[in-house]
Structures are given as C-alpha cells and as structure tokens.
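The values are calculated or read from the model by the stated rules, or taken from the named source; none is laboratory data. Given the structure is predicted, the values throughout are model-derived calculations rather than measurements. With ideal geometry, Cβ positions are generated from the backbone for all residues, glycine too; neighbour counts draw on all protein chains shown. Each accessible area value is taken on the protein alone, full model and side chains, heavy atoms only, with ligands, DNA and RNA left out. Shrake-Rupley method; radii C 1.70, N 1.55, O 1.52, S 1.80 Å.
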Amino acid sequence: MLDWKIHPSFSRLVFELGKLPGIGKKTATRLALFILRQSSGDAESLAAAIREVKERTRFCSICFHYTEQDPCQLCTDPARDSEYLCVVQEPQDLLVVERSRSFRGRYHILHGALSPLDGIGPEQLKIAELMIRLEQGSVREVLLATNFSVEGEATAHYLAGLIRPLGIRVSRLAHGIPLGSDLEYVDEATVNRAVEGRQFLTE
Amino acid sequence: MRQEESEAIVLHHLDYNDADRIVSFFSLEQGLLKGFAHNARKSRKRFGSALELFAYVHLRWSGKASGDLVSLQDAELIDLHSGVRRDVGALALASYGCELVEALTAEAQSCPEIFHLLRAFLGHLSKAGLSLEARLLFELRLFSQLGYAPHFLHCSACNFPLDGDEVAFSANGGGGLCLECAPAALPLRVSPMTLGTLGRCLQAPVTLFEGFRFSERTLQEAGGVLQDILRQHLVRPLKSQSFMEQMLAGKARVKAIR
C-alpha cells in the first residue's frame with residue numbers, strides 16, 4: 001500500500017473515488033492503481049470526460065431529466081404522444097421505463113419521494129412544476145411510476161389526489177410476481193398484492 | 001455468536017453500499033436496536049418486503065456485527081401496515097411516532113408496553129388514517145411509559161387539586177400549577193378540564209385508539225401541554241414533525257371548509 005504521507009496525490013484520488021456509490025476503500029485503491037498504470041493520455045481523457053459532463057449537463061426545464069440541450073430530446077420528439085405522461089422518482093427510473101420500450105409518452109422526474117423521516121416534503125420535489133405542466137398542457141393520462149416503497153406509494157397517492165380534480169386520468173404501475181420467477185420464492189406481501197390485483201383471463 | 005429472535009417493528013432504514021441496509025427496529029424482547037442487513041435489497045428470500053418502514057415482523061439476528069449494530073439474519077413479515085402507504089397524512093404521523101420512539105428510548109432496554117403501544121398506533125393509522133386524537137394519545141402514553149408524565153390533577157407545587165377556569169402548566173415545574181403557585185411570567189395557561197382529560201386518558205388501555213373524541217379547545221391546549229413536555233426531553237428537533245404539522249394543518253383546513 002502506498003503511504004499517504006509520501007503520496008498525498010494518490011491518497012486524494014483514493015478518497016475521491018471512495019465517494020462513489022458502491023465503492024469502498026479497497027476498490028477505490030484498486031481503481032486508483034489502475035488509473036496510475038494507464039497512460040497520461042488515458043488519465044487525461046477520463047478527467048476531461050468528467051469535467052465535460054459536469055459542464056454541459058443540466059436539467060431539462062420541462063421534464064427535469066439530465067440533458068445537454070434544453071428542452072431535452074424526449075420532450076421535443078414529435079413521435080411521442082403528449083397525452084400520456086409518466087411520473088418517475090429518479091432519472092434512472094426513466095431509463096428503466098425507456099428500456100422496456102412499453103411507453104411512448106412523455107416523462108416528469110420528481111427527484112425523490114415524500115419522506116417525513118428524511119425531512120423531504122412536497123416543496124423539495126418537482127411537484128409544483130408537475131402541476132403547472134398539467135394545468136397548461138394537453139395530458140389525458142398520468143402514469144405514476146414511483147417506487148413501491150412506503151414513500152413511493154404514499155407519494156403516488158398524494159399526487160393522485162392532486163391530479164384527479166384536474167379531470168386527468170391517473171394510473172399506477174401494476175405490481176405482482178416477476179416474470180420468469182417461481183411462486184415459492186416470492187415474499188408474502190408481493191403474493192398478497194398479486195392476489196388482490198388478479199386479472200380475469202379472457203378468450 | 002448467540003442467536004436472538006423477537007417480534008419487532010421497523011422504525012427507520014438506511015440503504016448502505018449497493019445492496020445492504022441498516023435498520024433501526026423496536027423489538028418486543030430488547031427494545032430499540034440497530035441492525036445490519038447484508039444484501040437485504042437483493043435477497044428476496046431472507047427479507048422480502050419485511051424491512052419496509054413500519055413493518056411488523058418476526059426478526060432473527062445474532063450479536064453485534066460491527067460497532068453498535070446487530071447482524072440481521074432474516075425476517076418474516078406479519079403485517080406491512082399497508083394502509084399507511086395509501087395516505088400521506090398517515091405516513092406523516094407514523095413517521096413522527098417512529099422517530100419519537102427512536103429519539104426518546106435507550107438502546108437494548110426492554111419495554112414491551114412501548115412495543116404494544118407502537119404496534120397499536122400503526123395498526124390504527126393503517127385503518128383510520130391521520131387524526132389529532134391519535135397523535136395526542138400516542139404522545140401522552142409514550143411519555144407515561146417513559147416516566148415523563150407530569151401532574152395533571154394536582155398542583156405540582158402545593159399538591160392541591162386543580163380547579164377554577166384556568167391553571168398554568170410547566171413541564172419543567174412538574175406539570176399543572178394553580179394560579180397561586182404559578183410564576184406570573186409562565187405563558188402556558190390551560191383549562192383544568194384539559195389536564196383532567198389527559199389524566200383520564202392515561203387510565204385507558206395503551207392499545208386503545210378507537211372511540212376518542214376531543215373538543216377543539218382540548219386538542220389545542222393538550223397539544224401545547226404535550227409539546228412543552230416534549231421540549232424537555234428532545235435533544236434535537238424531529239425531521240418528521242414539520243412535515244406532519246403541514247399535513248395536520250391541511251386536514252384542519254379541509255375540515256373547516258366542509
């Protein structure tokens with residue numbers, strides 16, 4: 001192990017890499033050693049990429065997704081149906097819905113969920129912006145795709161209460177048994193919800 | 001390492017690393033504990049949805065894994081209190097109740113009464129939603145179980161029964177004070193009927209929340225009294241309190257309009 005007193009720059013790199021999610025001190029040290037072994041050009045290129053993404057990326061003023069041009073491509077794409085709006089908690093949730101190729105409407109990112117224990121109320125989320133957007137736009141259905149945690153579900157119900165008086169249809173992602181899984185390995189609460197939300201088979 | 005197990009209620013959790021979770025829970029056998037659940041967010045078999053907030057579970061754990069944390073082995077869900085998920089007001093009050101228990105109880109000290117109180121409180125919120133009555137009863141009973149209940153029926157200075165139209169209250173001074181004993185500068189003035197109601201509420205079983213109705217004046221004055229007691233014992237403000245106050249104010253506005 002390199003001594004931080006002798007190599008303060010190396011220690012600084014380990015410290016900074018250790019701030020990344022899922023990276024502990026051991027992994028940070030391994031990554032730092034990898035960077036050290038790279039050519040100066042490769043290391044410079046990594047640093048420039050980080051700098052560039054921070055300089056050029058901001059939030060879309062409509063959906064609050066990360067973008068380099070405002071409004072973002074998702075908000076300006078004419079092939080998307082503006083009558084459908086999917087509300088998600090975080091940018092990564094938008095990517096998951098997009099990967100499923102099941103939704104061709106537009107998006108709105110809340111950047112969190114209501115969480116009294118973390119001191120996050122409606123003012124800390126992009127809820128006011130969502131309501132302004134709904135009052136001004138032509139949305140006919142809002143799909144609430146917040147997480148199925150206590151906070152995500154309570155946020156969905158809170159939003160449904162705000163949106164319904166506008167005469168807009170509100171839907172929620174279905175939940176139940178994951179595709180390809182065996183029933184015996186599914187937890188009781190999920191089975192309970194799956195039974196509650198069962199669907200009749202039609203011809 | 002010794003294996004332990006108990007019924008418990010999940011008070012708070014914190015995601016750690018990619019898949020781990022740190023969980024605060026209040027157990028029937030050992031009171032407040034904090035545990036490390038390795039791989040909890042990926043392992044549907046060991047934990048499933050049992051480590052969700054407010055879940056009533058049967059937990060198994062072994063001694064301290066690192067520092068002050070026990071190592072959680074698995075959890076079996078008994079009741080998710082899913083009604084709380086459908087009502088943001090109930091979420092606010094349930095969060096406040098759990099944060100209050102975590103802030104006011106000491107770790108690893110058995111207190112079955114507080115466990116039963118919290119379980120009944122969450123069960124009530126899950127069915128009936130947010131109410132000022134539920135908040136008042138929970139705070140009052142929790143303070144009583146912790147030994148913080150003040151004098152409600154007698155003056156805490158001269159010990160004479162409290163009567164008349166108005167008395168003073170000081171949690172710092174021990175509770176209700178007759179006007180002769182109360183310092184003139186003491187701002188909290190309440191009806192002795194309010195203090196009497198609080199005293200009588202303590203006679204009811206700790207798990208009973210249904211069927212209580214209080215007048216606006218009682219709710220307002222009792223709220224002031226309980227906040228005065230709370231200020232004596234809290235070392236930091238609760239994050240969930242302002243959120244809950246907003247929800248209660250909103251509910252009161254809707255009630256007033258109707």
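Here are the numbers for this structure:
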| quantity | calculated |
| --- | --- |
| Which numbered condition B:Ser95 misses (of (1) within 23 Å of the chain's Cα centre (by Cα); (2) farther than 30 Å from B:Gln227 by Cα; (3) within 14 Å of chain A (Cβ to nearest Cβ); (4) open to solvent by less than 10 Å² (accessible area, probe 1.4 Å)) | (2) |
| Which listed residue is within 14 Å of chain A (Cβ to nearest Cβ) and on the phi < 0 side of the Ramachandran plot, from B:Leu248, B:Leu219, B:Leu234 | B:Leu248 |
| Residue within region B:172-189 that is within 14 Å of chain A (Cβ to nearest Cβ), in contact with an Asp or Glu (Cβ under 8 Å, 6 or more places away or on another chain), free of Cβ contacts under 8 Å to residues at least 24 places away in the same chain and charged (D, E, K, R) present | no |
| Failed condition for A:Pro178, given (1) open to solvent by less than 60 Å² (accessible area, probe 1.4 Å); (2) over 25 Å from B:Leu93 (Cα atoms); (3) within 13 Å of chain B (Cβ to nearest Cβ) | (1) |
| Test: residue in region B:8-26 that is basic (Lys, Arg) and either crowded, with 16+ Cβ neighbours inside 10 Å or part of a strand (DSSP E or B) (or both) | yes |
| Some residue of region A:76-89 being charged (D, E, K, R) and closer than 26 Å to B:Val84 by Cα | no |
| Qualifying residues in region B:62-92 (those that are open to solvent by less than 50 Å² (accessible area, probe 1.4 Å) and hydroxyl-bearing (Ser, Thr, Tyr)) - the one nearest to the other protein chains (Cβ to nearest Cβ) | B:Ser82 |
| When residues of region B:211-235 are limited to those that are part of a loop (DSSP other than H, G, I, E, B) and not basic (Lys, Arg), the one modelled with the lowest pLDDT | B:Val235 |
| All helices (runs of 4 or more DSSP H) inside region A:1-90 with 3 or more residues being among the charged types (D, E, K, R) and at negative phi | A:25-37, A:40-56 |
| A:Asp93, sole failed condition from (1) open to solvent by less than 60 Å² (accessible area, probe 1.4 Å); (2) touching a residue at least 60 places away in the same chain (Cβ under 8 Å); (3) of a type outside the set (S, T, N, Q); (4) part of a helix (DSSP H, G or I) | (2) |
| Tally of residues being in contact (Cβ under 8 Å) with a residue 40 or more places away in the chain, open to solvent by 40 Å² or more (accessible area, probe 1.4 Å) and more than 12 Å from B:Leu137 (Cα to Cα) across region B:211-227 | 0 |
| Check on B:Leu100, at pLDDT 95 or above, within 13 Å of chain A (Cβ to nearest Cβ), surrounded by 21 or more Cβ atoms within 10 Å (Cβ to Cβ) and in contact with a Leu (Cβ under 7 Å, 6 or more places away or on another chain) | yes |
| Qualifying positions in region A:160-175 - open to solvent by 50 Å² or more (accessible area, probe 1.4 Å), within 25 Å of B:His81 (Cβ to Cβ) and more than 21 Å from the chain's Cα centre (by Cα) | A:Leu162, A:Arg164 |
| In region A:133-148, the residues that are within 14 Å of chain B (Cβ to nearest Cβ) and part of a strand (DSSP E or B) | A:Leu144 |
| Test: A:Glu151 is within 29 Å of B:Ala75 (Cα to Cα) and not in a loop (DSSP other than H, G, I, E, B) | yes |
| Lone unmet requirement of (1) open to solvent by 60 Å² or more (accessible area, probe 1.4 Å); (2) within 14 Å of chain B (Cβ to nearest Cβ); (3) closer than 23 Å to B:Met244 by Cα for A:Leu117 | (1) |
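Conditions (1) open to solvent by less than 40 Å² (accessible area, probe 1.4 Å); (2) at pLDDT below 95, marked per residue:
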{"site": "A:Leu130", "(1), (2)": "yes, no"}
{"site": "A:Gln136", "(1), (2)": "no, yes"}
{"site": "A:Arg140", "(1), (2)": "no, no"}
{"site": "A:Leu144", "(1), (2)": "yes, no"}
{"site": "A:Tyr158", "(1), (2)": "no, yes"}
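Listed here are the residues, each with its yes/no results for (1) β-branched (Val, Ile, Thr); (2) open to solvent by 50 Å² or more (accessible area, probe 1.4 Å); (3) in contact with a His (Cβ under 7 Å, 6 or more places away or on another chain).
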{"position": "A:Leu13", "(1), (2), (3)": "no, yes, no"}
{"position": "A:Lys19", "(1), (2), (3)": "no, yes, no"}
{"position": "A:Gly22", "(1), (2), (3)": "no, no, no"}
{"position": "A:Ala32", "(1), (2), (3)": "no, no, no"}
{"position": "A:Gln38", "(1), (2), (3)": "no, yes, no"}
{"position": "A:Ala43", "(1), (2), (3)": "no, no, no"}
{"position": "A:Ala49", "(1), (2), (3)": "no, yes, no"}
{"position": "A:Val53", "(1), (2), (3)": "yes, yes, no"}
{"position": "A:Thr76", "(1), (2), (3)": "yes, yes, no"}
